[in-house]
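Please read the structure below before turning to the comments.
The values are calculated or read from the model by the stated rules, or taken from the named source; none is laboratory data. A quick note: this is a predicted structure, and the numbers were derived from the prediction, not measured. In this analysis, Cβ positions are derived from the backbone assuming ideal geometry, glycine residues included, and neighbour counts consider all displayed protein chains. For accessibility, only protein heavy atoms count, side chains too; no ligands or nucleic acids. Shrake-Rupley method; radii C 1.70, N 1.55, O 1.52, S 1.80 Å.
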Amino acid sequence: MNVITDALCPFCGCLCDDITVVVEDNKIIEAKHACMLGSAKILGHCRLGGNNIETHHTIKEPMTRVDKNSNFKEVSYDEAINEAAEILAKSKRPLLYGWASASCEVHKKGLLLAEELGAIIDNTASVCHGPTGLATHEKGSPSATLGQIKNRADVIVFWGCNPVQAHPRHMGRYSSFARGFFSEKGRKGRKIIVLDVRKTDTAKMADEYVEIQQGSDYLVISALRAILSGHADVVPASVGGVLKDQLVKVVETLKTAKFGAIFFGMGLTQSKSRYKNIDNAVSLTFDLNSFTKFVITPMRGHYNVTGFNQVCTWETGFTTAVDFSRGLPYYNPGETAANDVLNRNEVDAAMVIAADAAAHFPANSVRRLAKMPLVQIDPHWSATTEIANVVIPTAICGIEVEGTAYRMDGVSLRLRKMIEPTHLTDEEVLERITQRVKELRGE
Amino acid sequence: MELLIKNGAVYDPVNGIAGDRADISIKDGKIVEKVSSGASVIDAGGRLVMAGGVDAHSHIAGAKVNLGRLMRPEDSRIGLKSRTKITRVYSGYTVPNVFAMGYRYAQMGYTTVFEAAQAIMKARHTHEELEEIPIIDKGALTLFGSNWPTMDYVREKNLDKLAAYVAWGLLASRGFGVKVVNPGGGEMWGFGKNVTSLDDVVPNFDVTPAQIIVSLMKANEMLRLPHSVHLHCNNLGKPGNYKTTLASMELAKQIKPAKDRQVLHVTHLTFNAWGGTNWGDFESKADEIANYLNNSDNVTTDMGQLIFGSATTMTADGPVQYANAKLLHAKWGNGDVELEDASGVVPIFYAKQISIHAIMWAIGLELALLTKDPYKVLLTTDHPNGGPFVNYPEVIALLMSNKKRQEEIKTLHEAVHKRTKIPGIERELDFNDIAIMTRAGPAKVLGLLDTKGHLGVGADADVAIYDIKPDQIDPSVEYAKIKSAFQSAAYTIKGGEVVVKDGQITATPMGRTFWVDATVPEEQTEIMMKDIRMKFKNYYSINLANYMVQDAYVTHPKVVKAGAIPVKVS
Amino acid sequence: MTLKVTLITGRTISQGVNLENKTSSDYMEATASCELNTKDIELLGKPKYVKIRTEYGDVVVKLKENSSNPSGIAFIPMGPWANAVVDPDTKGCGMPGFKGIPAEIDATENKVLLLKELMARYKQ
Amino acid sequence: MQTVTIKPRKEIRISVEAENISPDKFAGKTEKEILSMEAWMGNQKTTLGELFSVKVDGSGAAADTKIVMDGDFSRIKRIGEGMTAGLIMIKGNVDMHLGAKMSGGKISVTGNVDSWAGREMKGGELIIEGNAGYYLGAGYRGETCGMRGGKITVLGSALDFVGEHMCGGEIIVKGNTGILPGLSNNGGKIVIEGNTSRPGSEMAKGTIIVNGTVDEMMPVFKVEGTETIDGVTYRKYTGDVIVNGKGVLYVK
């Protein structure tokens, strides 16, 4: 029996690093401290571990098929890698998408492949916090590490996010309930404000719940800013379904905080006005700093969706949705993001890695993917497998392979290897595809 | 592998060579006495030969650099270059991508660059980027000035614990030296406030900036670290701050250096040699600072020269960055790090007709020209705060040619005449001065003079050859030639390998990362670690076991040993 | 009757728990559903299954009660069933319309497609 | 006078970047030279000749060069990028970035244009008879200025973010626009004949005139009574108050 302490949970953007994992015969039998999501990932879905192995479908061998309606044939890694390389090398507009459930070391290999292919490379932020990046281009990012918030925050705002469901340990470790140096009272010393379009489980725990009419967040943020800047007079009696009195009360709470933090989720990034909601919320944070200290942090979803954005930014200058088709990195979401090019039917071949595009893209995009040569690299059988031609199973990052991941606040941590892998790693597969692409191109 | 560089006009101030024809012999990455007849030969043909450039203060990697990139796609869309068989893509001007960072330094003949600030908790990120910067050797200075353990030990006057913490912090961050930014201010920014003088008391910690600086200098010398404390002064960015800067320098007098170097390096003076009381009467006080330096031997500085055009300011000085963003109506990045420090990123455009910018432009030059000893003022732009490092050749040309300065002054806001001394300064630096400010000086300041910054036997075989024949050029007049030659080295040799020829990258070896392993008595570390463990248990948001930078992030380490107890030679 | 709603999609814990378990009935149970408040459910006649139609497609899912939804807000957990009816337009910024889609909901006797069946539709 | 006539040879699916289609690039060039000019389809370098038939009549400087394009160009990006003079007449639809960074000359389109038409435009004129996509006359990611000068007229409608970060020039949309026109407007004028929503957010300077209805007003404007312009009485607003804006918004 092997006990690994201080292990990282490779599920959500909280990247909790206090998991104790018990391993027996290369099987994980226990994951102490992990939440439901983390346990499911570490125990249930681990290829060799857990009790649910029969019901959980991982991919055992590389598989290919010519006709997407026929059955897969199990093949060797060499065959699958060769076929993947041929598909990608032939493509005039290849898309390499995914990367959320993989380490930064994998991202580096992916970016090299994208450069080599002249591909578009995009990650799952595209359908998650991509707009947060766009807002950062406009207004910046006044943020802090989560410990800073835990130690100091006396006012915490959750806007369009629902940590109770999506980041179960967030409130305990970093926000609402966390105790720290200046916040030894924990929850009792804090005011929690939740703004959302429905009374989520998170909203039910708030001191103040502000119900916004769906799609009106932008108007509400502007109203808060107007009140904060001393222009309450121009704000109508009700904005976005919220009474002005409540907005005034919220502003009072915000500006009298000693340290305030805004956490936001897809309620802002995906609603009407998209990234302009974040843009405006960043400005609200900026404005609040004239009164007190305030920071704003996105509730990033997957454990290393942030990492891809970091690596892509330092390697290319751009955070995701980078188009290498002319050799130079070009970036313009709306034009170069995965769903832009899929929706326009421009892509002629794709590789989906460490994400499930078919489950998380709109039908129109999935329809396109279903009709083009599609390579999937993933440990798990997913919706994407159903429409892929070439499927290459890999070792599970953060469980079978170590590597780097970035928490939602940009703190990088090293993922542990908990058990021995039975499959090639994503890094190895990408390296071999890149090598094969070079050979096919006579380089 | 052997290489012989023949016929160079060599400037090697450390070894007293100033333009003499000399041959440089290289074997296995080092400069040697001589090589065999089988060595490959580069005929410098009378051209300028210097050691590879060393930059002791630049922001090239880590969380705030990457935030700068993320905030500025408009910057990343310039300077683009496709990949070649040898090189990856280039992007960016003020915040280049990792590849361009290494290539462009190498193309200017630089071979060693130090990142000027990393928080321990974010050091892993710094090293991830450093690992991807090609060619150059590098290292990173670690922030200590607002760290809770630092302030606790300063308050307790427990230098043993402080030294143990610094040593451990350098190990944890794989850092090279002690960086102090707006000491105490980082903590106060945690609640949106700042310190305003060296003697303000930081609430809850009951220490002053002056105490922090002095204690860290003491710890630094106890540990016999190669580099001194590297200080970004309090009140940076505020008119009248030269007084704080001078007072900070004065603190260094209390300390004896443990090594042959300064005890305090005060960085990017362009931002803190400011007179006046507000933006209206803002003026240069670089002359006062230079005067101080001319009469003191324990402090060094660097210019942080301003370059007109686009820049991206980035610093651990969180409060100054919020003030900047407000003043400029600019986008604002802020990055507080729990228990450690703050940071901020704000884009700026320096314009010739803005009086403040014109005066700031003058400050860096005045400092360099009025300070007699070039070892005391390193050439930097505090990349990318004063401007991108690719402008070093512009700075060199300005320092070497009064004519160029006078022509530039004609294009600037008239304030440059009234509120700076630069129009009347006639001094022109020579190649020897430049070699000191860009090679020998930074190497000495960093404590790396054994292998860096010179061409003597035993030094790293880092060499730059520039397409200038020193005996046939008048830099005062032909400054344009000087600038273009320094922009694009005829050869850059890194560790004995030709990495640049005629300004083009020819090879991309992986450089090394310097970090300092300072020993302290084990029991001292153990006592200190009790406090650290308590802080992780209660206050950090990660576990201690996941805090330290793992070996996987420093694949080509160059460990420099230091320590409070004698180091055993194995 | 036909209920006119604004549709939003998003994460839930059981969707997350089964994220790497897509072929299971648990995943389908977690994501092939639509949450409405009691009043809206009553308006529909408390059916077991509903068909959701938008400008972009239609899908049959199980109906679930969630009293925290305001009237006229329908929530489907993110996933393949939700995505059958979301807005593919990226609004010039790369992000499709996963929230705030005008939709019509009717009771239905039709069955919920399995993941495999749903994906097979796209291959036609 | 030089006239260059361009017609598509084939249906194009993967969008083509063809910034070489510009009077500045074509001026004084022969048919053969134009046919061999570079264009990119995805990651493939190709030529204008591969994609289009080209006919050249006469020869002249950019200002005397007229490009006549006839057919479906809905997958051709960056037409007229950076042009300084001359004329481009397009009978058909075009893809993104039409006339981006143009500083002079004129482009007219009978059909629809995709997003970023007139991006960072400095001068000249853009006339679109059909509809425009997102970010008409807007900027690039992260830049502080979008359109700085020139004039854009859309006879149809435009989508979201018309004139985002506009610093000068004029945009007239005869139909409706999507949300947030004139966002962060810092100068220049936007006239919307039809309906819109959330106009003028964060505007610091500039003018927005809406002759249709405003679906949702931003709660950031001071009401300044009414004002009559060219015989039409408008409700006048100033703002955005949050940024101490001096922008003016007129709503009929």
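Observations on the model:
- Phi to ³J(HN,Hα) by Karplus 6.51 cos²θ - 1.76 cosθ + 1.60 over the range B:463-469, Hz, x for Gly, Pro: 9, 10, 10, 10, 7, 9, 9
- For residue A:242, distant residues with modelled amide H under 5 Å away: A:213
- Accessible carbon and sulfur surface of the range B:288-434 relative to its total accessible area, %, 1.4 Å: 51 percent
- Annotation: amide H-H contacts under 5 Å for residue D:205 (H modelled 1.01 Å from N, sequence separation of 5 or more, or interchain): D:186, D:187, D:246, D:247.
- Across the range A:272-327, Cα-Cα distances exceeding 13 Å account for 72% of all pairs.
- For the pair residue B:86 and residue B:561 in one chain, pulling the backbone fully straight at 0.36 nm per residue adds 167.5 nm over the alpha carbon distance.
- All Cα pairs of the range A:130-298, percent lying beyond 25 Å: 23 percent
- Listed peptides B:291-300, A:230-239 appear in the order B:291-300, A:230-239 once ranked by packing, highest mean of other Cβ atoms within 10 Å at the front.
- Occluded residues from the range A:83-124, i.e. those whose accessible area drops by 30 Å² or more once the chain is not alone (1.4 Å probe): A:92, A:93, A:108, A:112, A:115
- Residue D:172/residue B:328 FRET efficiency (R0 25 Å; Cβ-Cβ; nearest 0.05): 0.15
- Estimated vicinal HN-Hα couplings, Hz - the range A:187-200 in sequence order (Karplus 6.51, -1.76, 1.60; Gly, Pro = x): 4, 5, x, 10, 9, 10, 10, 10, 10, 7, 9, 8, 7, 5
- Gyration tensor verdict on the range B:219-332 (Cα atoms; rounded if a/c is under 1.5, prolate if a/b is larger than b/c, oblate otherwise): prolate
- Paramagnetic label zone (point 7 Å from Cα along Cα-to-C-beta, residue D:211; backbone N under 19 Å) in the range D:167-192: D:170-178, D:181-182, D:189-192
- Rounded to the nearest Hz, the phi-derived 3J(HN,Hα) couplings of the range A:404-409 under the Karplus curve 6.51 cos²θ - 1.76 cosθ + 1.60 (θ = phi - 60°) are 9, 9, 10, 5, 4, 9, where x marks glycine and proline.
- Only helices enter this figure: runs of n ≥ 4 DSSP H residues, each worth -39500 (n - 2.57), summed and divided by the residues of chain A, yield -9500 deg cm²/dmol at 222 nm to the nearest 500.
- C-alpha center-to-center spacing [the range B:369-428, the range A:1-44] in angstrom: 58 Å
- Ligands, DNA and RNA left out, the accessible area of the range A:130-298 computed with a 1.4 Å probe is 52% carbon and sulfur.
- FRET efficiency, residue A:238 to residue C:104 (Cβ-Cβ, R0 30 Å, nearest 0.05): 0.65
- For the range D:1-92, the extents of the C-alpha atoms along the principal axes are 34, 23, 22 Å, listed from largest to smallest.
- Percent carbon-and-sulfur accessible area, chain D, ignoring ligands, DNA and RNA, probe 1.4 Å: 45 percent
- Rounded if a/c under 1.5, otherwise prolate or oblate - chain B, Cα gyration tensor axes: oblate
- Restricting the range D:102-160 to chymotrypsin sites (Phe, Trp or Tyr not before Pro) that sit in a DSSP loop and have at most 16 other Cβ atoms within 10 Å of their own Cβ leaves nothing.
- Between residue A:246 and residue B:36, the modelled labels are 8.5 nm apart [label points 7 Å from Cα along Cα→Cβ].
- For the range A:187-233: rounded, prolate or oblate by the Cα gyration tensor [a/c cutoff 1.5]: oblate
- All Cα-Cα distances of chain A, cut into 20 Å bins from zero to the largest, leave 26, 53, 21, 1 percent in each bin in turn.
- Restricting the trypsin sites (Lys or Arg not before Pro) of the range B:225-259 to loop positions (DSSP other than H, G, I, E, B) with no more than 16 neighbouring Cβ atoms within 10 Å leaves B:259.
- FRET efficiency, residue D:47 to residue D:91 (Cβ-Cβ, R0 25 Å, nearest 0.05): 0.65
- Per residue, the accessible area of the range C:3-122 comes to 35 Å², computed with a 1.4 Å probe over protein heavy atoms only.
- For chain B, accessible area per residue (1.4 Å probe, heavy atoms of protein chains only), Å²: 31 Å²
- Label zone at residue B:277 (point 7 Å along Cα-to-Cβ), backbone N below 18 Å, the range B:404-443: none
- Burial ranking of peptide ranges A:319-325, D:219-225 (average Cβ count within 10 Å, highest at the top): A:319-325, D:219-225
- Applying both filters, DSSP loop and at most 15 other Cβ atoms within 10 Å, to the GluC sites (Glu not before Pro) of the range C:4-97 gives C:55.
- Proportion of all alpha-carbon pairs of the range C:3-122 beyond 18 Å (%): 48 percent
- Residue-averaged beta-carbon neighbours from other chains (10 angstrom radius) around A:125-134: 4
- Across the range C:3-122, the mean sequence separation of Cα contacts (distance under 8 Å, 6 or more residues apart), normalised by length, yields a relative contact order of 37 percent.
- DSSP assigns beta bridges within the range B:281-421; of those with both partners inside it, close to 85 percent run antiparallel.
- Solvent-accessible surface (1.4 angstrom probe) belonging to residue B:556, in square angstrom, nearest 10: 70 Å²
- The listed residues D:248, B:395 rank as D:248, B:395 when sorted by accessible area, largest first, using a 1.4 Å probe.
- With both residues required to sit in the range C:3-122, DSSP beta bridges show an antiparallel share near 70%.
- Taking the convex hull of Cα positions in the range B:92-161, its mean projected area over all directions (nm²): 5.9 nm²
- Residue D:13 paired with residue C:121, simple spin-label distance in nm, labels 7 Å along Cα-to-beta-carbon: 2.3 nm
- Taking the DSSP bridge list for the range A:96-238 and keeping only pairs wholly inside it, about 10 percent are antiparallel.
- For B:320-331, mean number of other protein chain Cβ atoms within 10 Å: 3
- Amide H contacts for residue D:126 (H built 1.01 Å from N in the peptide plane; partners 5 or more residues away or on another chain; cut-off under 5 Å): D:107, D:151, D:152, D:153.
- Magnitude of the charge dipole for the protein assembly as shown, about its Cα centre and with charges confined to Cβ atoms of Lys, Arg (+1) and Asp, Glu (-1), is about 1340 debye.
- Note on residue D:61 and residue A:290: the model spin-label points, each 7 Å out from Cα along the C-beta direction, lie 5.1 nm apart.
- Neighbouring partner chain Cβ atoms per residue of D:137-147, average, 10 Å criterion: 5
- Comparing Cα centroids, the range D:103-157 and the range A:57-85 end up 47 angstrom apart.
- Solvent accessible area, Å² - residue D:40, 1.4 Å probe, full protein context: 40 Å²
- Rh (Kirkwood; distinct C-alpha pairs) - the protein assembly as shown, Å: 32.7 Å
- Computed [θ] at 222 nm, deg cm²/dmol, chain B (DSSP H ≥ 4; -39,500 (n - 2.57); rounded to nearest 500): -9000 deg cm²/dmol
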